[in-house]
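**Student:** After the C-alpha cells below, expect a handful of questions from me.
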Amino acid sequence: MRALFVALLCLPILTQAQTNQDSVAIKKMVDEVLTNGKAYDLLRELTKKIGGRLAGSPQQQNAAVWGKRNLEAFKPDRVFLQACKTPNWQRGGKDFASIVGVGGVATNQPLAALALGNSLSSNGLVEAEVIAVANFDELEKRKDEIKGKIVYYHSVFNPTRVQVFQAYGESGMYRGAGASRAAKYGAVGVMIHSLSSAPDNEPHTGGMKYDEAYPKIPAVALGPDDAKALYELAKKTTVRAQIQTHGFFLPDADENNVVAELKGSEFPDQIITIGGHLDSWDVNEGAHDDGAGIVQTMEVLRTMKALNYQPKHTIRFVLFANEENGMRGGNKYADLAKENKEQHIFALESDEGGFTPRAIGITCSADQLKKFQSWNSLLKPYGTEVTAGGGGADIGPLAKVNPSIVLSGLVPDSQRYFDLHHAKTDVFENVNKRELLLGAANMTAIIYLIDQHGINP
C-alpha cells in the first residue's frame with residue numbers, strides 16, 4: 001500500500017517531466033523546420049519545373065519520379081511505389097461559353113468558362129435558352145421548362161459560413177451532380193457559378209460525375225463576375241447562350257502512390273500515415289492543392305532524419321495519386337493495407353492549402369480526444385490546437401480497413417483557399433513560405449506526439 005501511495009504521489013512529477021521532455025523535442029523539430037526547411041524550395045521545383053499534374057498526364061508521371069527521388073535523398077528506411085490505375089480524362093481543347101441573345105436581341109458576350117473535370121465533349125457548339133435556378137428545389141419546380149435548355153445553377157457560397165469548407169460542401173453538390181440532375185429533364189448543357197467567393201472572374205474547374213441513367217451533357221463553370229451577371233439577366237428576361245467543350249477519356253493510366261517509410265523501433269507493425277496528393281488540375285500549378293501538402297509531408301520526413309529521430313511506430317509518408325477526379329490512390333493504399341493485413345492506427349492528411357495553420361482536426365472517441373487535447377499547451381506556441389473532427393479524402397478509405405483508426409487533418413486558415421482552388425491562380429507565387437513551413441512544423445509535432453504516446457487514453 002505504501003508503495004502504491006508513493007507511486008501516485010510521484011505521478012504528477014513524472015507527467016510534468018514528460019511534458020517538459022516533449023516541449024524540448026517539439027521545439028527542436030519546429031526550429032529545424034523554420035530554420036532549415038526545404039518545403040518551399042521543393043514546392044518551387046514541383047510547380048515550376050513540372051507544373052499542373054492531372055491524372056494520366058506526363059506531368060503526373062514526372063511528379064511521381066520527382067517525389068521518389070527527393071524522398072530517397074532524405075534516406076528513409078525504404079521508398080517504394082504502389083501501382084494503381086487512374087482515370088485519364090483529357091480537356092481536349094479550349095472551353096467556350098457566351099451569351100448570344102438577350103430579350104430576343106442578338107448579342108455576343110463571351111463568358112469566362114472552364115469545363116468541369118470528367119465532363120465530355122459537347123460535339124460542337126450547343127446553343128439554347130438559359131434556365132437559371134438557385135438550387136435543386138427550384139430545378140424540380142421548373143422541371144417542365146428544362147427540355148432543350150441550358151441550365152445555370154447559381155451555386156454561390158453562403159457568405160455567412162465562417163467555416164468556408166462548409167459553404168464549399170453545400171455548393172459542391174451542383175458541380176458534382178448538377179449535369180445529370182438537369183439531363184434527367186432534358187437539358188442540353190449545364191453552367192454553374194464557380195465554387196469560389198473571390199471578387200474576380202477566374203473560372204474554377206473541379207470534378208463532376210455523370211449518372212449513367214441520363215444523357216451525358218456538357219458542363220462548365222463560369223467566372224464569378226460573369227456568373228452573377230448571367231443570373232441577374234436571366235431573372236429579368238430571356239437569355240440564349242452557347243457552350244462548347246472537348247473533353248474525353250483515354251484508357252486508364254498506369255500511375256503510382258509514392259511511399260517512404262521509417263521503421264518503428266518498438267511497434268513496427270503499428271503504422272502512422274502522413275500524406276497529401278500529388279495530382280492537380282491541368283489549368284494551374286497545383287501549389288496549394290495539393291503541392292503544399294506534398295512538400296509538408298516530405299518536410300516532416302526530412303526533419304526527423306535531420307534530427308536522427310527514431311520513431312517507436314512505423315511512419316509512412318505518402319504521396320497519393322489521383323485524388324482530384326477518381327480517388328484511386330487513396331483507395332489503392334487502403335486496399336493494399338487490407339490485403340497485407342497491416343495495422344494502421346493513425347493517419348494525418350494535409351489537403352487544405354499551405355496557409356497559416358490553425359488547428360489539428362482529429363476524428364476519434366471522446367476519451368481519445370481528451371488525451372489529444374491535453375497536448376494543446378505543447379501546440380499552441382506554434383499556432384495550433386487539437387480540435388474535434390478531421391481527416392481527408394485520401395486517408396478516409398483506411399477507416400474501412402480499421403474502423404478504430406484515428407483520422408486527422410491539418411486545418412489552415414481557410415478564408416483565402418477557395419479564391420485559388422481549382423483555378424489558374426493556384427500557383428507557386430501565391431504560397432507564403434512562412435505559412436507553409438509553419439504547417440509542416442505542426443504536422444511534425446503531432447506525429448511526434450502520436451508516436452511517443454500512442455492513441456489510447
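The values are calculated or read from the model by the stated rules, or taken from the named source; none is laboratory data. Being a predicted model, the structure only gives us computed values, none of them experimental. For neighbour counting, all protein chains shown are included, and Cβ atoms are generated from backbone atoms with ideal geometry for every residue, glycine included.
**Student:** Evaluate region 75-91: report whether one residue or more is without any contact (Cβ under 8 Å) to a residue 60 or more places away in the chain and among the charged types (D, E, K, R).
**Tutor:** Filtering region 75-91 down to residues without any contact (Cβ under 8 Å) to a residue 60 or more places away in the chain leaves none.
No, that holds for no residue.
**Student:** Same structure again: What do you reckon, is Arg78 basic (Lys, Arg) and over 14 Å from Gly291 (Cα atoms)? Explain how you work it out, then say what you get.
**Tutor:** Numbers: basic (Lys, Arg): yes; over 14 Å from Gly291 (Cα atoms): yes.
Judged against the criteria, Arg78 is a match.
**Student:** Oh, and also: Just one of Gly176, Gly186 is small (Gly, Ala, Ser), surrounded by fewer than 24 Cβ atoms within 10 Å (Cβ to Cβ) and in a loop (DSSP other than H, G, I, E, B); which is it? Break it down stepwise before answering.
**Tutor:** Values: Gly176 fails: in a loop (DSSP other than H, G, I, E, B).
Just one listed residue meets the conditions, Gly186.
**Student:** Any idea how many residues of region 397-453 are within 15 Å of the chain's Cα centre (by Cα), among the hydroxyl-bearing types (Ser, Thr, Tyr) and surrounded by 23 or more Cβ atoms within 10 Å (Cβ to Cβ)?
**Tutor:** Going through region 397-453 one residue at a time, the tally reaches 1.
**Student:** Just to verify a result, which residue in region 82-110, among those that are among the small types (Gly, Ala, Ser) and part of a loop (DSSP other than H, G, I, E, B), is farthest from Lys235 (Cα to Cα)? Talk me through it step by step, then tell me what you get.
**Tutor:** Start the filter on region 82-110 by keeping residues that are among the small types (Gly, Ala, Ser), which leaves 83, 92-93, 97-98, 101, 103-104, 106.
Right, trim to part of a loop (DSSP other than H, G, I, E, B) and you get 92-93, 103-104.
Working: Gly92: 33, Gly93: 31, Gly103: 11, Gly104: 15 Å.
Top of the filtered list is Gly92.
**Student:** Would you check which residues across region 46-88 are closer than 30 Å to Leu307 by Cα, crowded, with 21+ Cβ neighbours inside 10 Å and of a type in the set (S, T, N, Q) and list them?
**Tutor:** Thr47, Asn70
**Student:** Take the residues in region 148-173 that are of a type in the set (D, E, K, R) and under 23 Å from Ala113 (Cα atoms), then tell me which one is surrounded by the fewest Cβ atoms within 10 Å (Cβ to Cβ). Reasoning before the result, please.
**Tutor:** Taking region 148-173 and keeping what is of a type in the set (D, E, K, R), we get 149, 161, 170.
Those left that are additionally under 23 Å from Ala113 (Cα atoms): 149, 170.
Working: Lys149: 21, Glu170: 16.
Checked region 148-173; the qualifying residue surrounded by the fewest Cβ atoms within 10 Å (Cβ to Cβ) is Glu170.
**Student:** Does region 69-78 include one or more residues that are assigned to a loop (DSSP other than H, G, I, E, B), outside the structural domain of Lys312 (by TED's automatic domain parsing) and over 26 Å from the mean Cα position of the chain (by Cα)? Walk me through it before giving the result.
**Tutor:** Within region 69-78, the subset assigned to a loop (DSSP other than H, G, I, E, B) is 74-77.
Then keep just the ones that are outside the structural domain of Lys312 (by TED's automatic domain parsing); that gives none.
Checked region 69-78: no residue is assigned to a loop (DSSP other than H, G, I, E, B), outside the structural domain of Lys312 (by TED's automatic domain parsing) and over 26 Å from the mean Cα position of the chain (by Cα).
**Student:** Kindly evaluate Val162 against the criterion of being part of a loop (DSSP other than H, G, I, E, B) and among the β-branched types (Val, Ile, Thr).
**Tutor:** Numbers: part of a loop (DSSP other than H, G, I, E, B): yes; among the β-branched types (Val, Ile, Thr): yes.
It is true that Val162 is part of a loop (DSSP other than H, G, I, E, B) and among the β-branched types (Val, Ile, Thr).
**Student:** Just one of (1) over 30 Å from Ser414 (Cβ atoms); (2) assigned to a loop (DSSP other than H, G, I, E, B) trips up His204, so point out which.
**Tutor:** (1)
**Student:** Now a separate question. Tally time: how many residues in region 360-373 are touching a helix residue (DSSP H, G or I) at 6+ places or on another chain (Cβ under 9 Å) and surrounded by fewer than 24 Cβ atoms within 10 Å (Cβ to Cβ)?
**Tutor:** From region 360-373, those touching a helix residue (DSSP H, G or I) at 6+ places or on another chain (Cβ under 9 Å) are 360, 362-364, 371-372; that's our starting set.
Now drop any that are not surrounded by fewer than 24 Cβ atoms within 10 Å (Cβ to Cβ), which leaves 363-364, 371.
Looking only at that region, the number is 3.
**Student:** Moving on. Of everything in region 401-457, what is in a loop (DSSP other than H, G, I, E, B), under 24 Å from Leu54 (Cα atoms) and of a type in the set (Asp, Glu)? Give them in sequence order.
**Tutor:** Asp426
**Student:** Same structure, new question: Just checking, which of Arg44, Arg53 is at negative phi, part of a loop (DSSP other than H, G, I, E, B) and modelled with pLDDT of 95 or more? Even if it seems obvious, please write down each step before you answer.
**Tutor:** On the way: Arg44 fails: part of a loop (DSSP other than H, G, I, E, B).
Answer to the selection: Arg53.
**Student:** Follow-up question, since we're still on this one. Looking at (1) surrounded by fewer than 24 Cβ atoms within 10 Å (Cβ to Cβ); (2) closer than 30 Å to Ala112 by Cα, which is the one condition that is false for Gly353?
**Tutor:** Result: Gly353 passes all but (1).
**Student:** Among (1) within 30 Å of Arg358 (Cα to Cα); (2) of a type in the set (A, V, I, L, M, F, W, C); (3) crowded, with 21+ Cβ neighbours inside 10 Å, which single condition is Ile217 missing?
**Tutor:** Looking at each condition in turn, Ile217 falls short on (1).
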